[in-house]
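Readers should treat all values here as calculations from the given coordinates under stated rules, not as data from a laboratory. On a predicted model such as this, the values are computed, not experimentally measured, just so you know. Here Cβ is always computed from backbone atoms with ideal geometry, including for glycine, and neighbour counts include all displayed protein chains.
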Amino acid sequence: MAATTYTVGNFKGGVGKTKSATQLAYDNAKFKNRKTCLVDIDPQANATKIMAKTGNVREIKSTITDALQSNDILSCVVNIDGNLDLVACDTRFRAFSKYVNSFDDEKEKIQVLAKLLAPLKEIYDDIFIDVPPTISEYTDNAMAASDYTIIAFQTTDESFDGVKKYVGYQQYMVKTFGIKLQIIGIVACMIDPDDVLDEDILKEAKALYGDNVFSNIVRFQKRLKRYSREGIYIKKYKNGNYDQWDYQAHNVFIQILNEMEARRKFLEARVRM
Ligand SMILES: Nc1ncnc2c1ncn2[C@@H]1O[C@H](COP(=O)(O)OP(=O)(O)O)[C@@H](O)[C@H]1O
Ligand SMILES: [Mg+2]
């Protein structure tokens, strides 16, 4: 088995990257029944906090910072729930830049993470990487370690600029280093259905990126915000029905996972032709 690896990116913070990475990982494990690992490489560790709450994990003994020192990623995997595991991050991981820059060779510099994550590829179906919003060693390495990019964006001009920069930068990385990385889709996050500006920017994104923009869009939902504080869950009543707000929050990401699966099949078939 060789896991498919996805990075959720945008060179802008606060646009829904971590929200998308955590929900996609959770729903991929729970509803698609795929063995999934979420790898947090953002020293702010937002995804780590959400996942720790999700799995009621009180203490995380080792994180990716330890894995970098021991070169043993498997010993820092934390089980969150069923099929869902986490490789946690912490503020000490800001040392990653320094570590990467201890190599002279440019190609070696961008492959530190890919090498570190290689053993995970053997045991998971899918890996999702949550990254900081910077053009940095972190995103370079996440790009080199991934098969696909999911670009998260909010309908603000700055966030849209972040998409353009990300796409351009990814093209540069593919060309310069020959990495095999493709955009699987662009996901619109935190959309306010009543906001005209939101609709305008969404139209602009579709005009520029066409079918690359997922047709399922993530609306602003109080329930999704709540999951950041309380961890992710989906309540099921005795009669077998899901709580409607939980269902709505999860369903959009399940639909996006369906879109991803269809696109992956299409892109893989194109490579074989
Ligand atoms: N669809 C949504 N509905 C409600 N709140 C959201 C939604 N998406 C993200 N948020 C909230 O917006 C904030 C920023 O999102 P986050 O995913 O952390 O952004 P990023 O990782 O790009 O910095 C967080 O507090 C998160 O809970
Ligand atoms: Mg984030």
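Remarks
- Residue-wise HN-Hα coupling along region 218-227, computed from phi with Karplus coefficients 6.51, -1.76, 1.60 (Hz; x: Gly, Pro): 8, 7, 5, 9, 4, 5, 5, 5, 4, 4
- For the chain, a crude dipole built from +1 on the beta carbon of Lys and Arg and -1 on the beta carbon of Asp and Glu, taken about the Cα centre, is about 600 debye to the nearest 20.
- Extension gain, K61 to N251: 0.36 nm times the residue separation minus the Cα-Cα distance gives 65.1 nm.
- D157/S75 FRET efficiency (R0 45 Å; Cβ-Cβ; nearest 0.05): 0.55
- Multiplying the residue separation of K98 and A118 by 0.36 nm and subtracting their alpha-carbon distance yields 5.1 nm.
- Taking every alpha-carbon pair in region 88-229 and binning the separations at 10 Å intervals from zero gives 10, 35, 34, 18, 3, 0 percent.
- Neighbour-count ranking [beta-carbon atoms within 10 angstrom, fewest first] of Y237, Y242: Y237, Y242
- Annotation: lysines with alpha-carbon distance below 21 angstrom to K222 (same-chain offsets under eight excluded): K17, K19, K49, K53, K235, K236.
- Its Cα centre serving as origin, region 101-238 has a Cβ charge dipole (Lys and Arg +1, Asp and Glu -1) of approximately 740 debye.
- Alpha carbon Rg of region 191-268, scaled by the compact-globule rule 2.2 N^0.38 Å: 1.34
- Which of S97, S102, S20 has the fewest Cβ neighbours within 10 Å, and the rest in rising order: S102, S97, S20
- Going by neighbour counts of Cβ atoms within 10 Å, the residues M51, M143, M190, M173 line up, fewest first, as M173, M190, M143, M51.
- Counted residue by residue at 0.36 nm each, then reduced by the alpha carbon distance between them, the extension gain from F220 to V271 reaches 14.7 nm.
- Most positive-pole-ward Cα, T54, I184, S159, against dipole of the chain from beta carbon charges: T54
- Of T36, T18, T176, the residue with the greatest mean-square motion in the GNM of the chain, using alpha carbon springs below 10 Å, is T176.
- Ellipsoid equivalent to region 1-67 - semi-axes via the Cα gyration tensor, in Å: 18, 17, 13
- Candidate aspartates and glutamates - alpha carbon under 12 Å from K265, same-chain residues fewer than 8 apart omitted: none
- Pairs from the table (K107/K203; K180/K225; K32/K121) lying more than 26 angstrom apart at Cα are K107/K203; K180/K225.
- Pairwise Cα distances in the chain exceed 24 Å in 47 percent of cases.
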